[in-house]
Amino acid sequence: MNPATGLDQETGPALDEAAVYIAGDNSDLPKPSSTTESIEDAGAVLATAAASRTKLAQAFRAGKPVAVAGGGATDAMRGLLNSVREDYSFGIEMVRARPVKVVVADPRGDTVETYTFVAEGGWDDPVLDPFGWVLVGRLPECDTSVPESSVDDMFEYAGAAHVIGRLPTGETYASRSEVSVSQQETGQFARLQTKLHSAANERYAIEEAVREADFPDDQRLNEVYPNSHTQNGVQVANVSDTTRSTFAIKVTPASSRARSALTGCGGFQTEGKLAYDHRTSFQWKRDSLLNTNRHYASSTGRGEWVFST
């Protein structure tokens, strides 16, 4: 596995260093070891969907990470972010048809990092461990290459959206979609770079990771990258179809190291609004003398971005 990410560890204790303000229905939430009754003194906020949006927005504008857990977490987080949209650029990749236990928004200046944690059953504490990981976790740099552009300085960072899971059998995965935006005389241009990370357990090796984003048929993808290649023992295949406004990459291991942990990247540039249907899937396999067994993880949903002006 790749312990540098922290996804295979109990990260809930990271909240011990930040007094947590509890908002909403306390009976539905686990209680961190360090809490406060004052939202002003809090280092982080843990809430349910029933919490006052005004209080959550107050904490968020003060730079405090906010986690919403339990039923309706995604919709509640969308409501919070929409209430501050005039001052922040942000995106959220919502997950459909899969259980989501906690969603986190972490303000970084005038941008936001959002995190959607799929409830795969792998964390000892399905709320505090993911929330703690937001504070102390990290994803590795890309094993595969990402081309530079001569117009990079025309784009400004606009936030990142994560979808993360940890299986009961120990496998972990994450996707990070980082966006930059450029307002030009000819219109608005957005770039999205997706980082796919997968880590194995002791018995099941990584087989593949796939990322897709589908846009309306009349929305042009001006650029998709990278070209298919192998680097650092990781192979990335760009299987995008720009005629159908679809971005897609497939990342596979090409070395023994990469069968334990790999990180592959790709991206695209488009003009206009940034909203898409996304699908991310991961596979791990174990070969034996008689057969091959596989473990799977996948998430589908909607990605939507808002850019402050």
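The values are calculated or read from the model by the stated rules, or taken from the named source; none is laboratory data. From a predicted model like this one, the values you see are computed outputs, not experimental measurements. No Cβ is skipped: glycine too gets one built from the backbone with ideal geometry, and neighbour counts run over all protein chains shown. These accessible areas exclude ligands, DNA and RNA; they are computed on the full protein's heavy atoms, side chains included. Shrake-Rupley method; radii C 1.70, N 1.55, O 1.52, S 1.80 Å.
Sort out which residues of the range 15-43 are open to solvent by less than 40 Å² (accessible area, probe 1.4 Å), out of contact with any Asp or Glu (no Cβ under 9 Å at 6 or more places or on another chain) and within 25 Å of residue 138 (Cβ to Cβ), and write them in order of number. Answer for the range 15-43, where residues must be open to solvent by less than 40 Å² (accessible area, probe 1.4 Å), out of contact with any Asp or Glu (no Cβ under 9 Å at 6 or more places or on another chain) and within 25 Å of residue 138 (Cβ to Cβ): 15, 18, 20, 42. Of all residues in the range 291-307, those that are surrounded by fewer than 19 Cβ atoms within 10 Å (Cβ to Cβ) have Cβ atoms under 7 Å from Cβ atoms of residues that are hydroxyl-bearing (Ser, Thr, Tyr), 6 or more apart or on another chain, in 298/280; 298/281.
Could you list all residues from the range 227-256 that are assigned to a loop (DSSP other than H, G, I, E, B), hydroxyl-bearing (Ser, Thr, Tyr) and surrounded by 14 or more Cβ atoms within 10 Å (Cβ to Cβ)? Within the range 227-256, 240, 245, 255 meet the criteria.
So that you can scan it fast, the table gives a plain yes or no per residue for (1) in contact with a Ser or Thr (Cβ under 6 Å, 6 or more places away or on another chain); (2) among the hydrophobic types (A, V, I, L, M, F, W, C):
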{"position": "122", "(1), (2)": "no, no"}
{"position": "125", "(1), (2)": "no, no"}
{"position": "132", "(1), (2)": "yes, no"}
{"position": "135", "(1), (2)": "no, yes"}
{"position": "145", "(1), (2)": "no, no"}
{"position": "154", "(1), (2)": "yes, yes"}
{"position": "157", "(1), (2)": "yes, no"}
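From the list 270, 263, the lone residue that is among the polar types (S, T, N, Q), within 17 Å of the chain's Cα centre (by Cα) and surrounded by 20 or more Cβ atoms within 10 Å (Cβ to Cβ) is 263. Going by the conditions given, is residue 28 touching a residue at least 60 places away in the same chain (Cβ under 8 Å) and either out of contact with any His (no Cβ under 7 Å at 6 or more places or on another chain) or not aromatic (Phe, Trp, Tyr) (or both)? No: the conditions fail for residue 28. Of all residues in the range 67-120, those that are farther than 22 Å from residue 24 by Cβ and either touching a Lys or Arg at 6+ places or on another chain (Cβ under 6 Å) or of a type in the set (A, V, I, L, M) (or both) total 2.
It is to be established whether one or more residues within the range 122-137 are of a type in the set (A, V, I, L, M), modelled with pLDDT of 95 or more, surrounded by 24 or more Cβ atoms within 10 Å (Cβ to Cβ) and on the phi < 0 side of the Ramachandran plot. Taking every residue of the range 122-137 in turn, at least one turns out to be of a type in the set (A, V, I, L, M), modelled with pLDDT of 95 or more, surrounded by 24 or more Cβ atoms within 10 Å (Cβ to Cβ) and on the phi < 0 side of the Ramachandran plot. Listed by first and then second residue, the pairs linking a residue in the range 73-96 that is more than 16 Å from residue 190 (Cβ to Cβ) to a residue that is among the aromatic types (Phe, Trp, Tyr), with Cβ atoms under 8 Å apart and 6 or more places separating them unless they lie on different chains, are 80/60; 81/88; 81/90; 84/60.
Here is the figure for the range 4-19: residues that are at pLDDT below 90 and among the acidic types (Asp, Glu) total 1. Restricting the first member to the range 148-172 and to residues that are closer than 15 Å to residue 182 by Cβ, and the second to residues that are small (Gly, Ala, Ser) and part of a loop (DSSP other than H, G, I, E, B), the beta-carbon pairs closer than 9 Å and six or more apart or on different chains are 155/149; 158/308.
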